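A.B. asks: Pasting a structure below so you can have a look.
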Amino acid sequence: MRASTVGRTVLLRDLTTLRIGGPAELWEVEGSEELAEATRRPYRILGGGSNLLVSDSGVPERVVKLGRSFSTLEALDGSVEPWVGAATPLPGLVRRAQRLGLSGLEGLLGIPGVVGGAVVMNAGTRFGSIADVLTEVGLYLEGRSVRLPVAEVGFGYRSSELPPGAVVTKARFRLVPSTPERVAKAMEAPDEARRGQPKIKSAGCAFKNPPHDSAGHIIDLHGLKGLRVGDAMVSHEHGNFIVNLGNATSTEVLRLIDEIRSRIDIPLQMEWHLWGQP
Ligand code: FAD
Ligand code: EPU
């Protein structure tokens, strides 16, 4: 086994966009044999770390990250039903589809992370979600590679119901032939919708939107922008973004979340996945 795959201790704050999180044993794997070895003990899968709040104490499980061999951006050649590796960066995929004149991914413009994470989260915007353009998902599950048709994944709003322990290794998209110019044009509105989002350290929207409303709008209406616990703050630009002003801790973020919830009478469900004990 390559030395790099054997667990080494890392700080998860270095692997998450919110830049919060303590130590864990990282296994970066190439190929299914290494994935099999790494998943022999309790594990969590890390994608781009852009939807995670990780405890300052880290996590006791192995953190498994799919390596470059699971990224297939370069192999995309214009096929309208490409299989794309789970470690492929989503922004790169969206850009490449545009250059190839393939339509379908425009609404995902600006979402960070990798394809595997986007599948698990059913990432999307008001212009559409990734599940809308998938046909099948490739999984590694209990030592076997399996393919699941999209109808069997149980996709919901920012959610999926994959079998427990399943590792997404690839996803098959269904794209529509178009032209680079038309695809670029169709990206203008999704790009515009993102203008009001902060550029500093965050993990995107903290809460899911309640039915027929926007959590950001509600938080804003309650005057909570700028509310701060330590270095964790409700963004001045968008009420559903909690930003890390520098050295925020997970405890500060959780206290801020409690504070937001206590001041709003509508229940707000977390969109972020929380890792580890507070
Ligand atoms: P991670 O955060 O690494 O993981 C998310 C979950 O998926 C974890 O539970 C993890 O264990 C699991 N997971 C990851 N990869 C795998 C795999 N291969 N197999 C099994 N499980 C896996 N989200 C949106 O939906 N829409 C937006 O518009 C949006 N905008 C954002 C803007 C900013 C600035 C930021 C920082 C985030 C934004 N997000 C948005 C949130 C986030 O980018 C998405 O949820 C993204 O799809 C998460 O992907 P990831 O690879 O970073 O996953
Ligand atoms: N609004 C405010 N104040 C705010 C934020 C928003 O008044 O602080 C208003 C806006 O002016 C607009 C409405 O609320 O009239 C909706 O805002 P926006 O267009 O920003 O959409 P959103 O519902 O807040 C959703 C997704 C985002 C996605 C955008 C763009 C969720 C939880 N959020 O935000 O996804 O980027 O639409 O399509 O579904 C994410 O999931 O992490 C995420 C960032």
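The values are calculated or read from the model by the stated rules, or taken from the named source; none is laboratory data. Source: prediction; values computed, not measured. Note that each Cβ is placed from the backbone with ideal geometry, even for glycine, and that neighbours are counted across all protein chains shown. Each accessible area value is taken on the protein alone, full model and side chains, heavy atoms only, with ligands, DNA and RNA left out. Shrake-Rupley method; radii C 1.70, N 1.55, O 1.52, S 1.80 Å.
A.B. asks: Principal axis extents for the chain, Cα atoms only, whole Å, descending order, please.
C.D. replies: Result for the chain: principal-axis Cα extents of 48, 46, 30 Å.
A.B. asks: Accessible area per residue, 1.4 Å probe, Å², for the chain: what's the number?
C.D. replies: Details: 13410 Å² over 278 residues.
Accessible surface, normalised per residue, equals 48 Å².
A.B. asks: Filter the trypsin sites (Lys or Arg not before Pro) in segment 28-83 down to the DSSP loop ones having no more than 15 other Cβ atoms within 10 Å, then list what survives. Could you put the intermediate results ahead of the total?
C.D. replies: Values: sites: 40, 44, 62, 65, 68; in loops: 40.
In loop regions of segment 28-83 (DSSP not H, G, I, E or B), the sparsely surrounded trypsin sites (Lys or Arg not before Pro) are 40.
A.B. asks: Please work out the ratio of the alpha-carbon Rg of segment 38-98 to 2.2 N^0.38 Å and round it to two decimals.
C.D. replies: Working: Rg = 14.7 Å, N = 61, 2.2 N^0.38 = 10.5 Å.
Ratio of Cα Rg to 2.2 N^0.38 Å: 1.40.
A.B. asks: Let me ask another. Give me the percent of DSSP beta bridges within the chain that run antiparallel, rounded to the nearest 5.
C.D. replies: Around 75 percent of the beta bridges assigned by DSSP in the chain are antiparallel ones.
A.B. asks: Rounded to the nearest 500 deg cm²/dmol, what is the calculated helix-only ellipticity per residue at 222 nm for the chain, with -39500 (n - 2.57) per DSSP H run of length n ≥ 4? Present the calculation step by step, with values, prior to reporting the outcome.
C.D. replies: Details: 7 runs with 58 residues, N = 278.
About -5500 deg cm²/dmol.
A.B. asks: Still on this structure, I have one more. Can you report the principal axis dimensions of segment 144-264 using only the alpha carbons, biggest first, rounded to whole angstrom?
C.D. replies: 45, 41, 31
A.B. asks: Could you name the aspartates and glutamates whose alpha carbon sits less than 13 Å from that of residue 185, not counting residues in the same chain fewer than 8 places away?
C.D. replies: Candidates past the 8-residue exclusion: 106.
A.B. asks: Would you tally the net charge around residue 17, using a Cβ to Cβ cut-off of less than 12 Å, leaving residue 17 out, and scoring K and R as +1, D and E as -1? Intermediate results must be reported in sequence, preceding the final value.
C.D. replies: On the way: positive: 13, 19, 199, 201; negative: 14.
Charge balance near residue 17 sits at +3.
A.B. asks: Note down the nm distance, to one decimal, between modelled labels 7 Å out along Cα→Cβ at residue 269 and at residue 135.
C.D. replies: 3.1
A.B. asks: Once you place label points 7 Å from the Cα toward the Cβ at residue 145 and residue 40, how far apart are they in nm?
C.D. replies: For residue 145 paired with residue 40, the spin-label model returns 2.1 nm.
A.B. asks: Given an 8 Å cut-off on Cα distances and at least 6 residues of separation, report the relative contact order of the chain as a percent. List each step's numbers first, then the result.
C.D. replies: Values: 615 pairs, mean separation 51.6, N = 278.
Result for the chain is 19 percent.
A.B. asks: Moving on. Note down the nm distance, to one decimal, between modelled labels 7 Å out along Cα→Cβ at residue 127 and at residue 277.
C.D. replies: A separation of 4.4 nm, rounded to one decimal place.
A.B. asks: Which of these, 243, 229, 137, has the largest mean-square fluctuation under a Gaussian network model of the chain (Cα springs below 10 Å)?
C.D. replies: 229
A.B. asks: How much net charge surrounds residue 133 when only other residues with a Cβ under 11 Å from its Cβ are counted (Lys, Arg +1; Asp, Glu -1)?
C.D. replies: -1
A.B. asks: Within segment 117-160, which GluC sites (Glu not before Pro) sit in a loop by DSSP and count at most 16 neighbouring Cβ atoms inside 10 Å?
C.D. replies: Listed in order of number, the matching sites are 142.
A.B. asks: Ignoring ligands, DNA and RNA, what percent of the 1.4 Å accessible area of segment 116-204 is carbon and sulfur?
C.D. replies: Numbers: 2430 of 4660 Å².
Its accessible area is 52 percent carbon and sulfur atoms.
A.B. asks: Given the options 272, 29, 240, identify the residue whose Cα lies farthest towards the positive end of the charge dipole of the chain (+1 on Cβ of Lys, Arg; -1 on Cβ of Asp, Glu).
C.D. replies: In the chain, that residue is 29.
A.B. asks: With viscosity set to 1.567 mPa s at 4 °C, what whole-number translational diffusion coefficient in µm²/s follows for segment 1-137 from Stokes-Einstein and a Kirkwood radius over Cα pairs? Mind dumping the intermediate values first?
C.D. replies: On the way: Rh = 15.8 Å.
Rounded, D is 82 µm²/s.
A.B. asks: Would you tally the net charge around residue 52, using a Cβ to Cβ cut-off of less than 12 Å, leaving residue 52 out, and scoring K and R as +1, D and E as -1?
C.D. replies: With Lys, Arg at +1 and Asp, Glu at -1, the neighbours total +2.
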